[in-house]
Each structure stands twice: as structure tokens, then as C-alpha cells.
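Asker: Here it is, the structure, as C-alpha cells.
The values are calculated or read from the model by the stated rules, or taken from the named source; none is laboratory data. Being a predicted model, the structure only gives us computed values, none of them experimental. Ideal geometry is used to build each Cβ from the backbone, glycine not excepted, and the neighbour counts take in all protein chains shown.
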Amino acid sequence: MRFFIADAFSEELFGGNPAGVVVLEKEGKWLSEETMVKTAAELRYSETAFVMPLADGTFRTRYFTPAAEVDLCGHATIATFTVLREAGLIGPGTYVNHTMAGDLEIRVSETSVLMEMGAPEIKGEITSDEELARLYGIMGLPDYHVHTKALYPKMVSTGLPDIMMPVADEAALDAITPDFPALTQLSKDYNVVGVHAFCQAKEENITAHARNFAPLYDIDEEAATGTSNGALTYYLRSFDLLAAKDEACIVQGEKMGRPSVIRTSIDGEKIMVGGSAVILAEGNINL
């Protein structure tokens, strides 16, 4: 079976967030979950997508970290449909992607891919002094008052739940140094994938700068996260920082030397996330 490595949310190689993509046979047989986890671990990327074309022109995609299956992965979806387009399996158009997070609309153009997020949901808020001190302390920013003057953290999901954690500015964002074992436990306690830290941008054409941490899934930091930035879009809307029909541009991965540009839009409860991707490598997996 064919596999690909693609850098998502970037127009250049070695930017954005790399993902593995394994293309299965049309209406074929799924590999065992154990094999898919081992394959993801062997490819060594934060997520690997296994995509199966279906007879009706739709697709079924499953997503695996090196540790476990997850419901949805934004950057791996952008990589997957870029791979399908570049491999000549699809052309520009609108498709349906069947995932564990639901049946999601995918819009493919000649140069980019936009994906519909799962139904947005605010799952809780972190507002008590005790909870805030724990969260910001774990992230290496013990003076949480500086960061929560106007905003406060919320657990938000558009397919996967993350804690949206505001920080004061880019200097604070850059200074984050998580206690990863403690963050792993906190993620379990709140039943989230991890923490998506962000600051509002000063640049006119950028909405926010962000960093994402998910050690519970063996991902200390990720250069671009579609689901998390879809959730961030809904979070910003909940504070009226985005209009009911608006677009956002979020930059992530700068600290990792892999700057990523994630573009999002919100229209009521419908959130789209997307960008470009570039294929780095392809080959065969002998299974």
C-alpha cells in the first residue's frame, strides 16, 4: 500500500506540520488497530491518516498517533486530501469525509483544502484561582493574573477537546515551558487532548499566534493543529472577538522553526479550517 509524507498548512517543504498518509484500497479491508498504531509509530509523526475511498465517491479516514487512535486530525486531513488530489485520485470539488467525529465536508481547490470541523462545543471553563494557578503553573507561567485580565481558559471542541489558554503576548507565548508529566495528568483530569495556548496578534493580517501541547498523546508540541484552531475560532467568537460570519488567520509552529498558517472561517455553528500542503515523500509499505 502507498504512503506519503506531507507538510500541511505550508506552501513550502519543511514548514507547517508533517503528517503521514496511508492510502488503502477502494472499499478494501482495514488494517488492525494494532498495525495502524505501529505504522504511525514507525512513521514517527504526530498523526498518520489511513484513508479508504468508498464506492460513492466519499472517503473514510481514521487517524492514529504513535500511541492511539483519535477521532479527528485537522492537519492530517489537509495532508490527506492534498495527497488524493496530487495522486490523481480526486480533482477540485466538494467531498464527504467519514470520521469518528462525524461526516465532514471537504472543499478541494487546485492549491488548498478546506475542511469542516465537528460541531463546536464549549465543554467547560477554568475560572477559579486554584484551577488557574494549576494550569498556568504547569505551563511555566505562574502569574496567571497577567494573562486572564480580559479572557479566561475554556475547554472547546470542534472534533477534539482542548483547553484554550490565553496568554498576554508573544513573549509570554514564547516563554511557555510545560511540565509534561503534570500536563499529561491535567489533560486526563479535564478529559482533553491538551492545551492550545495563544495570544492575540498585533499584526493587521493575523488574528492570533498559537502553540499546542498534547503529551497525553505523545505529542510534546505540534506545529499546526487544525482542530485546535477551529476550536480557537469558536472560542474567540464566544468572547465576540470574531463576528458571526468572519475569517481568521492563525500562525503556529514559530517556536519549533516550522511556521504554519492556518486559515479558518465561521458561519454560525459551521467552522471551516484549511490551508495548503506540500508532499515531501512517498513510497510503499510492505504489509
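Asker: Name the residue, out of A224, A208, A244, that is among the small types (G, A, S), farther than 26 Å from A67 by Cβ and modelled with pLDDT under 95.
Answerer: On the way: A224 fails: farther than 26 Å from A67 by Cβ; A208 fails: modelled with pLDDT under 95.
Going through A224, A208, A244 in turn, just one is among the small types (G, A, S), farther than 26 Å from A67 by Cβ and modelled with pLDDT under 95: A244.
Asker: I'm told L280 meets every condition in (1) farther than 24 Å from T94 by Cα; (2) assigned by TED's automatic domain parsing to the domain that holds M155; (3) in a strand (DSSP E or B) except one. Can you identify the failing condition by its number?
Answerer: Going through the list (1) farther than 24 Å from T94 by Cα; (2) assigned by TED's automatic domain parsing to the domain that holds M155; (3) in a strand (DSSP E or B), L280 breaks only (2).
Asker: In the stretch 122-177, how many residues are touching a strand residue (DSSP E or B) at 6+ places or on another chain (Cβ under 6 Å), of a type in the set (D, E, K, R) and either farther than 16 Å from A208 by Cα or surrounded by 22 or more Cβ atoms within 10 Å (Cβ to Cβ) (or both)?
Answerer: Residues flagged as touching a strand residue (DSSP E or B) at 6+ places or on another chain (Cβ under 6 Å), of a type in the set (D, E, K, R) and either farther than 16 Å from A208 by Cα or surrounded by 22 or more Cβ atoms within 10 Å (Cβ to Cβ) (or both) within the stretch 122-177 amount to 4.
Asker: Could you list, in sequence order, all residues of the stretch 39-59 that are under 21 Å from the mean Cα position of the chain (by Cα) and over 17 Å from A87 (Cα atoms)?
Answerer: Across the stretch 39-59, the qualifying residues are T39, A40, A41, E42, L43, R44, Y45, S46, E47, T48.
Asker: Here's another thing I want to ask about it. Working carefully through the options G93, G57, find the one that is at pLDDT 95 or above, small (G, A, S) and over 24 Å from E222 (Cα atoms). Steps first, answer last, please.
Answerer: Numbers: G57 fails: at pLDDT 95 or above.
Only one candidate qualifies: G93.
Asker: From the list E11, E27, pick out the single residue that is within 30 Å of C249 (Cβ to Cβ), surrounded by fewer than 15 Cβ atoms within 10 Å (Cβ to Cβ) and at pLDDT below 90.
Answerer: Residue meeting the stated conditions: E11.
Asker: How about the stretch 35-54: which of its residues are buried (at least 19 other Cβ atoms within 10 Å of the Cβ) and part of a loop (DSSP other than H, G, I, E, B)?
Answerer: Residues satisfying the conditions are Y45, S46, E47.
Asker: Where residues in the stretch 14-24 are part of a loop (DSSP other than H, G, I, E, B) and at pLDDT below 95, which of them is nearest to E221 (Cα to Cα)?
Answerer: G16
Asker: Related question: Would you confirm whether any residue within the stretch 124-135 is under 22 Å from the mean Cα position of the chain (by Cα), touching a residue at least 12 places away in the same chain (Cβ under 8 Å) and part of a loop (DSSP other than H, G, I, E, B)?
Answerer: Yes, some residue in the stretch 124-135 is under 22 Å from the mean Cα position of the chain (by Cα), touching a residue at least 12 places away in the same chain (Cβ under 8 Å) and part of a loop (DSSP other than H, G, I, E, B).
Asker: Next question. Would a scan of the stretch 198-213 turn up a residue that is among the polar types (S, T, N, Q), over 19 Å from E116 (Cα atoms), in a strand (DSSP E or B) and outside the structural domain of A87 (by TED's automatic domain parsing)? Break it down into steps so the answer makes sense when it comes.
Answerer: Within the stretch 198-213, the subset among the polar types (S, T, N, Q) is 200, 205, 207, 212.
From what is left, the residues that are over 19 Å from E116 (Cα atoms) are 200, 205, 207, 212.
Among the residues that remain, those that are also in a strand (DSSP E or B) are: 200, 212.
Filter again for outside the structural domain of A87 (by TED's automatic domain parsing), leaving 200, 212.
Yes, the stretch 198-213 contains a residue that is among the polar types (S, T, N, Q), over 19 Å from E116 (Cα atoms), in a strand (DSSP E or B) and outside the structural domain of A87 (by TED's automatic domain parsing).
Asker: Take the residues in the stretch 182-197 that are assigned to a loop (DSSP other than H, G, I, E, B) and over 11 Å from the mean Cα position of the chain (by Cα), then tell me which one is surrounded by the most Cβ atoms within 10 Å (Cβ to Cβ).
Answerer: The selected residue is V192.
Asker: Look at the stretch 132-146 and say how many of its residues are more than 11 Å from L183 (Cβ to Cβ) and in contact with a Leu (Cβ under 7 Å, 6 or more places away or on another chain).
Answerer: Summing the residues that are more than 11 Å from L183 (Cβ to Cβ) and in contact with a Leu (Cβ under 7 Å, 6 or more places away or on another chain) in the stretch 132-146 gives 1.
Asker: In the stretch 105-121, how many are touching a strand residue (DSSP E or B) at 6+ places or on another chain (Cβ under 8 Å) and either part of a loop (DSSP other than H, G, I, E, B) or buried (at least 22 other Cβ atoms within 10 Å of the Cβ) (or both)?
Answerer: The qualifying residues number 9.
Asker: If you don't mind, there's one more thing I want to ask. State all residues of the stretch 76-101 that are closer than 18 Å to V192 by Cα and either part of a strand (DSSP E or B) or in contact with a strand residue (DSSP E or B) (Cβ under 8 Å, 6 or more places away or on another chain) (or both); if no residue qualifies, say none.
Answerer: Across the stretch 76-101, the qualifying residue is only M100.
So that you can scan it fast, the table gives a plain yes or no per residue for (1) charged (D, E, K, R); (2) outside the structural domain of D220 (by TED's automatic domain parsing); (3) surrounded by fewer than 22 Cβ atoms within 10 Å (Cβ to Cβ):
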site	(1), (2), (3)
E33	yes, yes, yes
R62	yes, yes, no
P66	no, yes, yes
E69	yes, yes, yes
C73	no, yes, no
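Asker: Sort out which residues of the stretch 136-159 are among the β-branched types (V, I, T) and either part of a loop (DSSP other than H, G, I, E, B) or assigned by TED's automatic domain parsing to the domain that holds P92 (or both), and write them in order of number. Give the derivation first.
Answerer: The first filter runs over the stretch 136-159 and keeps only residues among the β-branched types (V, I, T), leaving 138, 146, 148, 156, 158.
Matches in the stretch 136-159: T148, T158.
Asker: So, one more: Suppose we keep only residues that are crowded, with 20+ Cβ neighbours inside 10 Å and of a type in the set (F, W, Y) within the stretch 229-287. Which one would you say is nearest to D103 (Cα to Cα)?
Answerer: Per the criteria, the residue is Y234.
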